[in-house]
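Input: a single structure, listed below in structure tokens.
Each reported figure results from applying straightforward, stated rules to the coordinates on display, with no laboratory input. All values derive from a computational prediction rather than experimental measurement. Here the Cβ positions follow ideal geometry from the backbone for every residue, glycine too, while neighbour counts run over all protein chains shown.
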């Protein structure tokens, strides 16, 4: 029995990752509970003690100073011991799994598709536990087959009846971790990811920067013949990825973020919260992108609101501003350079903000805002 016990415990240690010493303690506790049932009959006052030799697996039970044979423990006591052992092993297994995975929050997990439900997808993580990807955390492009190997980003680990990993394939952090996995220069810290913006299932823009002048950050991410970025695109089920070269110069960064559109000029306001981007007419649709996606992702990537206009649109806006009462050429230039380059932007401006601009006080600011609102009302009426 002793050799059998050790063999069983060693097997559990290999399969479940629970230390043999911990299992021994669990069995001692279980057998002590069982022995106390007998102890109440033999000697209610005596101390009950169970010892297991960790080297031989031999079990010795004492009630007071008297050693009790396993036969005397009886069937009921043995069943009690068995139930307690099973419960303790389950608790220990749960603790081991939880401790293993709680440190994986914020990193990638990989598993095979075990179950596909309406609420999401369940992954089997090497038989240790499950990862659940809620429907809202899946990319619109995600289509899985049972048994397929899938990567996901670990959001949290819940310690429920059974430890469960909650994962995501929709978050921008998932894309970041995929780049860290595929690009050694990022993992080593030579190339940095400065920002990411993503429309999951459609397009991602990622800004990268190299600390080493000898290492091309964009080339490192693309890889030889595009192999590195290709692996990431495959994991994302065909989602497009734009790799943008980060620059400390905000105007240069904006130009890179809006590629492939060619930019004529950029006016950034003093607070660097908004920029007017001027392009030629043939570049307007390219800069804005389908449903405004290109400029929207570029805005998020650069951390600044981008207003893309063509030269013709800008000229038309200047003409509208010039019709406002009390707004001359000098005021128009001040307004445009400060980001107030359309009737809408002026009409929705804060009076105190406009009053701080050169040549505009509180009284004039109020008049300009009211004039812009009136002009917009007339435009609406004429439509």
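What 222 nm value per residue comes from the helices of the chain, counting each DSSP H run with n ≥ 4 as -39,500 (n - 2.57) and dividing by all residues, nearest 500 deg cm²/dmol?
Numbers: 15 runs with 179 residues, N = 383.
Here the helix-only value at 222 nm equals -14500 deg cm²/dmol.
Quick check: the angle from helix 20-42's long axis to the longest principal axis of the chain, C-alpha only, nearest 10 degrees?
The angle comes out at about 50 degrees.
Which order do the peptides 177-186, 349-358, 132-141 take when ranked by the mean count of other beta-carbon atoms within 10 Å per residue, highest first?
Values: 177-186: 19.5, 349-358: 14.6, 132-141: 17.1.
Those peptides, ordered most packed to least, come out 177-186, 132-141, 349-358.
If I take every Cα pair under 8 Å that is 6 or more residues apart in the range 323-382, average their sequence separation and divide by the length, what percent do I get for the relative contact order?
Numbers: 50 pairs, mean separation 23.3, N = 60.
The value is 39 percent.
If I fit a long axis through the Cα atoms of helix 70-102 and take the longest principal axis of the Cα atoms of the chain, what angle between them do I get, 0 to 90°, rounded to 10?
For helix 70-102, the angle is close to 20 degrees.
Please report 271, 124 as a ranked list, fewest other C-beta atoms within 10 angstrom at the top and most at the bottom. Mind dumping the intermediate values first?
Details: 271 10, 124 15.
Listing 271, 124 from fewest to most nearby Cβ atoms yields 271, 124.
Could you please rank 215, 109, placing first whichever residue has the fewest other Cβ atoms within 10 Å of its Cβ?
Working: 215 12, 109 22.
Ordered by Cβ neighbours within 10 Å, fewest first: 215, 109.
I need 10, 381 ordered by Cβ neighbour count within 10 Å, fewest first. Spell out each step's value before the answer.
On the way: 10 13, 381 7.
Lowest count first: 381, 10.
So which residue, out of 48, 122, 295, gets the largest mean-square fluctuation from a GNM of the chain using Cα contacts under 10 Å as springs?
Comparing 48, 122, 295 in a Gaussian network model of the chain, the most mobile one is 48.
Once the Cα atoms of helix 2-16 and of the chain are each reduced to a long axis, what angle between those two axes, in degrees from 0 to 90 to the nearest 10, is obtained?
10
Build a GNM of the chain with springs between Cα atoms under 10 Å: which of 262, 319, 293 gets the top mean-square fluctuation?
319
Please give the contour-minus-distance gain from residue 91 to residue 65: 0.36 nm per residue of separation, less the Cα-Cα distance, rounded to one decimal in nm.
On the way: separation 26, 0.36 × 26 = 9.36 nm, distance 3.20 nm.
Residue separation times 0.36 nm, minus the Cα-Cα distance, leaves 6.2 nm.
If you find the alpha carbon centre of the range 250-297 and of the range 166-232, how far apart are they in angstrom?
Here the answer is 22 Å between Cα centres.
Give the percent of DSSP beta bridges with both residues in the chain that are antiparallel, rounded to the nearest 5.
On the way: 40 of 55 bridges.
Restricted to the chain, the bridges split so that about 75 percent are antiparallel.
Which one, 364, 214, 315, has the greatest fluctuation when you compute a Gaussian network model over the chain with C-alpha springs under 10 angstrom?
214
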